[in-house]
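Here is the structure we will look at.
Each reported figure results from applying straightforward, stated rules to the coordinates on display, with no laboratory input. All figures in this text were calculated on a predicted structure; none of them were measured in a lab. Ideal geometry is used to build each Cβ from the backbone, glycine not excepted, and the neighbour counts take in all protein chains shown.
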Amino acid sequence: MKFVDILRYVADRFDTPPDPVIEPDIEIPELPAGSTILFNTVNNAQVPGQSGSQFIRREVVYRDADGAKHKITLKNNVRAEGCGHNMTSPGDIGFFSVTSGKPVCKACEREYRRMRNQTRNEECVCRHVVAPHELTYIEGNGFVCEECEKKIKALKPLKAAGWLIGLFLKPLIIEEPEPGNEVPYETTEFPPHQPLPPVHYYPPPWPGHGAPHQTPHGLDRGRPQRPDHPQ
């Protein structure tokens, strides 16, 4: 920061300059003969810190020669310094450009969002809110502002130098052979699965009906018999 900028910063810090007084510059149109002005109201609005954003709204109510009342509303057109479009009220300001610090209209705000949404899938490194005409498209990086464009262009020689260094160092790199059919120590091999013999199912008969329960040979030794079971 230069010495003059430091002095200007200190002066603005302790002695803030007042906002300029806005004088109404909208003239009343010529009224019909015999008209009488009843109300003449002038409303002023200004964005703090923006000397070029002075909005004026004038309302004139008059009565003509026949006694009927009429109302005229007049507005001035303010040119947005950030994009160059006309605005009629502070509500027409979309945002302030990060690069220039000037107001940008609502129409350019919608265009800015459309351009960002168009390249949302690319590797964009810029997220600065600027006017659409301050964006530049770079292949693979989407839309970027002027500052980010300078950074991307400054990295291109470094990327080219890295590619050349890698090209010369590639023959010097010894590549290890790929491992063969060796079984790693974490792998445990099990014998093949043997199918189990089938198990026969003998459903028990109802009490007092059907044939006696068929028990495999040698498994009914010492087993008590039921009283109603035939011997």
(request) Take each of the peptides 43-50, 73-80, average the number of other beta-carbon atoms within 10 Å over its residues, and list them starting from the highest. (result) 73-80, 43-50
(message) Below 14 angstrom from the Cβ of residue 33, what's the summed charge of the other residues (Lys, Arg +1; Asp, Glu -1)?
(response) -2
(request) Can you spot the lysines whose alpha carbon is less than 29 Å from residue 156's alpha carbon? Ignore those fewer than 8 places along the same chain. (result) 170
(request) Hey, can you grab everything whose amide H is under 5 Å from the amide H of residue 83? Only 5+ residues off in sequence or another chain; H modelled, so Pro and N-termini drop out. (result) 105
(message) Suppose every Lys and Arg Cβ carries +1 and every Asp and Glu Cβ carries -1, with no other charges. What dipole size does segment 45-138 come out with about its Cα centre, to the nearest 20 debye?
(response) 240
